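**Q** First, the structure itself, so that you have it in front of you.
The values are calculated or read from the model by the stated rules, or taken from the named source; none is laboratory data. From a predicted model like this one, the values you see are computed outputs, not experimental measurements. Cβ placement follows ideal geometry from the backbone for every residue including glycine, while neighbour counts extend to all protein chains displayed. In case anyone asks, the SASA skips ligands and DNA or RNA and just uses the protein heavy atoms, side chains included. Shrake-Rupley method; radii C 1.70, N 1.55, O 1.52, S 1.80 Å.
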Amino acid sequence: MDFREYKKFFLRLVNLERREEMRRHKEEIRNLSPRERESKGRAILRLKGKDAGKVLGGRYLVRFSRKGELSENEISVGDLVMASTSNPLSIGNPTGTVAEKTGYSISVAFENKPPQFLYKKGVRLDLYVNDITFQRMIEAISTFKELPDNDPVKELLLNNKEPRFKELRKPLVFENKNLNDSQCLAVQGALEAEDVFLIHGPPGTGKTTVLAEIIIQHIKKGCKVIATADSNVAIDNLVELLASQGRNVVRVGHPSRVTPALQRHTVDYLMEESELYKGAQNLRERADEMQEEQRKHALPSQQIRRGLGDEEIKKIASHNKKENIRGVSFKKIKSMAEWIKYKEEIGKLSKEAKALEEEAVNILLEKAEVVCTTNSGAGSEIVSGWGFDVAVIDEATQSTEPSCLIPVCRARKILMAGDHKQLSPTILNEEAKEKGLDRTLFERWLKVYGQGIKRMLSVQYRMNKDIMDFPNTKFYGGELVADSDVLNQVLEINGEVTEKDYLRKVLSPENSVVFLDMREGSKEETLPGSTSKRNKEEALITEEIVESFLERGVSPCDIGVISPYDDQVRLLKENFGKNETGLGKKEVEVKTVDGFQGREKEVIIISFVRSNKDGIVGFLSDLRRLNVSITRARKKLIMIGDTNTLKEEQVYRELVEYIKERGVLL
């Protein structure tokens, strides 16, 4: 393909997805009452704001709270929210980024000075679309053209060039002496690659560890590295690992999206020590003081100024003649002139402050050995103007090609890591999905250039053998090997198990894989107005199992509950929050499959939900979703489902047969 085809193709798909996401948010806000939206967890009502100071760049922090605890909600640190009093879709309602969240308050950072209504009772916060990410994708697709025609990465993106490799002159000296053979080969392949290299990291194979070693090896060669991932969690894991090895890491991105323990590596934190930044803050404070004075004077609106320009107003005000001009009193003109003077001075101070901040940031990035950010963050103003020798992209199989294009355009060599056997990017627009927006650059390059540009990590450090063997055979060609430390690990529990027969078998350390067949006792249901599913009987069984583990000393943070359906997740959370027994059920993590990708727990309980006479399994037929679900557990995997429904899909029939052979089917 040529660039024009490439640009046209992806711009259309990104805009389709952008419009769809915005449409869904607006439609839900428009059609649901405030209480209904709050019950879905996408709004918080009856709030009142309090000024909480400023953060880098002059952003205003407002802390919202109300009497008692906040309602259970999906709004997280780093999300974009819209503040309003009645209609969130009204023009002029401010949007901000969630900076901090507790059970009783939520703090939001606003780019501009917040309106006064935020400090009164009755404010609502709505989860909103973060359009910046879409804008940066569109910008990356467009600026891709600016790369030279002979740029290796550009030619690889257009399928016009074969990847190049060059053997290392000297044997590698690894910084991490504990890497296994497959990890060492992956590091070597990444260093020998001149243009692009892919690392296939199945669950628990130490992908982040390998990426850290690859980055360090390139730093030793004098390369400037940018490391990105689709999510803040993934990039923070990499920051933590690199920092623990003494590397100079700078984390670019909104500090509210960064794990608190790692905020000392953020631009905001590091800038606090910069004299240039301190100077910028002083200038901004002076500008704020001037704004207060400016408010005492008349705003020269079009109606009041009667066609007079700024310079004319200032000139008239400087004369001693105190006469009306075009029906405007001299006193009013004098006041407008003062307002204009303040505006000009405030503009100068803000411009000077921005220049000082930019200089301070550039000094910071110049000293950094590696810059870490999200894919979207690689398109931020802070990074703009910077080029890198190497871009390392984690979670590349969860990122759309336009998302990866943002860091790709900033580097001469691209290294990607991910697992194309797990979930692909979530695409809402059906046409965009049908046309291939969910097919990743990782998969495309692998298909075009073959296995020669990829290494697979083959030793996994998470699952015991019984949990590992089915996904290994089904998804990884039997290439995975369990490390000796996890091969035979089991979950030990306290106390005698003397309860129901099924619970004795579920809790027994001998049974690492258990399937509870609900075919005679459950039924899926769809709530009015919902497209999701839930299953009350599976929810009750799940709750009983969780309580049994907690009663026997298993920590809530070691238990994870997964369901493919939002309504089932919501039902489980509601149940866990009722009639609290003191066991800590509220602290048990309950999420969808997508929410658990990249995570692990000692115990995983999966509620498949689907139970119907027609054998319809919906998106359970997506094998990647199943793969993610069953590879989160370290020591105990418990599945709950209706085999009569699930067996209509071949893979679930195979799973049930495997459990009969290697686990327990109840």
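**Q** In Å, the Kirkwood hydrodynamic radius of segment 246-368 over pairs of distinct alpha carbons?
**A** With all distinct Cα pairs of segment 246-368 included, I get 17.4 Å.
**Q** Sticking with this one: Just the number, please: carbon plus sulfur as a percent of the accessible area of segment 573-666, 1.4 Å probe, no ligands or DNA/RNA counted.
**A** 44
**Q** Can you tell me the orientation of helix 465-475 relative to the chain, as the angle in degrees between its alpha-carbon axis and the longest Cα principal axis, to the nearest 10?
**A** Its long axis makes an angle of about 70 degrees.
**Q** Work out how much length D149 to S90 would gain on full extension: take 0.36 nm times their residue separation and subtract the Cα-Cα distance, in nm to one decimal.
**A** Here the segment from D149 to S90 would lengthen by 16.7 nm.
**Q** I've got another one for you. Given the chain, what percent of its DSSP beta bridges are antiparallel, to the nearest 5?
**A** In the chain, approximately 40 percent of DSSP beta bridges are antiparallel ones.
**Q** Have a look at segment 19-83 and give its Rg and Dmax from the Cα atoms, expressed in angstrom.
**A** 13.8, 37
**Q** Further, regarding this structure: Taking amide hydrogens as modeled 1.01 Å from N in the peptide plane, which residues meet the under 5 Å criterion relative to A411, leaving out close sequence neighbours?
**A** Residues meeting the amide H criterion: F388.
**Q** Under 13 Å Cα to Cα from K505, which aspartates and glutamates show up? Leave out anything in the same chain fewer than 8 places away.
**A** K505 reaches E496.
**Q** Straight-line reach from K331: which aspartates and glutamates fall under 13 Å, measuring Cα to Cα and dropping same-chain residues less than 8 apart?
**A** Cross-link targets: E323.
**Q** Related question: What's the whole-number percent of alpha carbon pairs in segment 395-490 lying beyond 15 angstrom?
**A** That fraction is 69 percent.
**Q** Quote the relative contact order of segment 333-444 in percent (integer), defining contacts as alpha-carbon pairs under 8 Å separated by 6+ residues.
**A** 22
**Q** Now, a different point. Please work out the FRET efficiency for the pair E648 and K54, using the Cβ-Cβ distance as r and a Förster radius of 41 Å; give the result to the nearest 0.05.
**A** Between E648 and K54 the formula returns 0.10.
**Q** Something else now. Contact order normalised by length for segment 540-586, with contacts defined as Cα pairs under 8 Å and 6 or more residues apart; what percent is it?
**A** For segment 540-586, the relative contact order is 47 percent.
**Q** Could you give the distance between the Cα centres of segment 532-575 and segment 335-389, to the whole Å?
**A** Each part's Cα centre sits 47 Å from the other's.
**Q** Calculate, for E74 and N178, the FRET efficiency according to 1/(1 + (r/R0)^6) with r their C-beta to C-beta distance and R0 25 Å; round to the nearest 0.05.
**A** In this case the efficiency is close to 0.05.
**Q** Below 8 Å between Cα atoms, with a sequence gap of 6+, how large is the relative contact order for the chain in percent?
**A** Normalised by residue count, the contact order of the chain is 13 percent.
**Q** I would also like to ask the following. For the chain, what does the helix formula give at 222 nm: sum of -39500 (n - 2.57) over DSSP H segments with n ≥ 4, over the residue count, nearest 500 deg cm²/dmol?
**A** After summing the helix terms and dividing by residue count, I get -12500 deg cm²/dmol.
**Q** Can you give the accessible area per residue of the chain, in Å², using a 1.4 Å probe?
**A** It amounts to 47 Å² per residue over the chain.
**Q** In segment 122-223, which trypsin sites (Lys or Arg not before Pro) are in a loop and have at most 15 other Cβ atoms within 10 Å, using DSSP for the loop call?
**A** Of the trypsin sites (Lys or Arg not before Pro), the ones in loops of segment 122-223 whose Cβ has at most 15 other Cβ atoms within 10 Å are R164, K166, R169, K177, K221.
**Q** Return one number: the angle in degrees, 0 to 90 and rounded to the nearest 10, between the long axis of the Cα atoms of helix 3-31 and the longest principal axis of the Cα atoms of the chain.
**A** Around 90 degrees separate the two axes.
**Q** Rounded to whole Å, give me the distance from the Cα center of segment 110-159 to that of segment 419-491.
**A** Centre-to-centre (Cα) distance: 29 Å.
**Q** Right, something else. Helix 536-551 against the longest principal axis of the chain: what's the angle in degrees, Cα atoms only, rounded to the nearest 10?
**A** Result, in degrees: 80.
**Q** Within segment 266-329, what whole-number % of the accessible surface is contributed by carbon and sulfur, with the 1.4 Å probe and all protein chains included in the calculation?
**A** About 46 percent, which is the carbon plus sulfur part of the accessible surface.
**Q** What percentage of the solvent-accessible surface of segment 416-485, computed with a 1.4 Å probe over protein heavy atoms, is contributed by carbon and sulfur atoms?
**A** Ligands and nucleic acids excluded, carbon and sulfur give 43 percent.
**Q** Put a dot 7 Å past each Cα toward the Cβ at S65 and L168; how far apart are the dots in nm?
**A** 5.5
**Q** Tell me, what is the FRET efficiency for R286 and K315 to the nearest 0.05, using R0 = 30 angstrom and their Cβ-Cβ distance as r?
**A** With R0 = 30 Å, the Cβ-Cβ based efficiency is 0.70.
**Q** Of I316, Y269, L665, which is farthest along the charge dipole of the chain in the positive direction, counting Lys and Arg as +1 and Asp and Glu as -1 at C-beta?
**A** Result: I316, furthest along the dipole toward the positive end.
**Q** Continuing with the same structure: If each of E345 and E544 carries a label point 7 Å out from its Cα toward its Cβ, how far apart are those two points in nm?
**A** If labels sit at E345 and E544, their model points lie 7.5 nm apart.
**Q** Under a straight-distance cross-link criterion of Cα-Cα below 17 Å, which aspartates and glutamates are reachable from K67, leaving out those fewer than 8 residues away in the same chain?
**A** Partners within reach: E38.
**Q** Considering the alpha-carbon set of segment 543-666 alone, what are its Rg and its Dmax in angstrom?
**A** My reading of the Cα-based Rg and Dmax gives 14.4, 42 Å.
**Q** Over 21 Å between Cα atoms, which of K40/K533; K113/K334; K113/K367; K154/K447; K221/K421 qualify?
**A** K113/K334; K113/K367; K221/K421
**Q** Quick one: which of 470-477, 34-41, 446-453 comes out on top by average Cβ neighbours within 10 Å, and what's the full order, highest first?
**A** 470-477, 34-41, 446-453
**Q** Hey, another quick one. Quick check for me: using +1 on Lys/Arg Cβ and -1 on Asp/Glu Cβ, what's the dipole size of segment 358-510 about its Cα centre, in debye to the nearest 20?
**A** Roughly 620 debye, rounded to the nearest 20.
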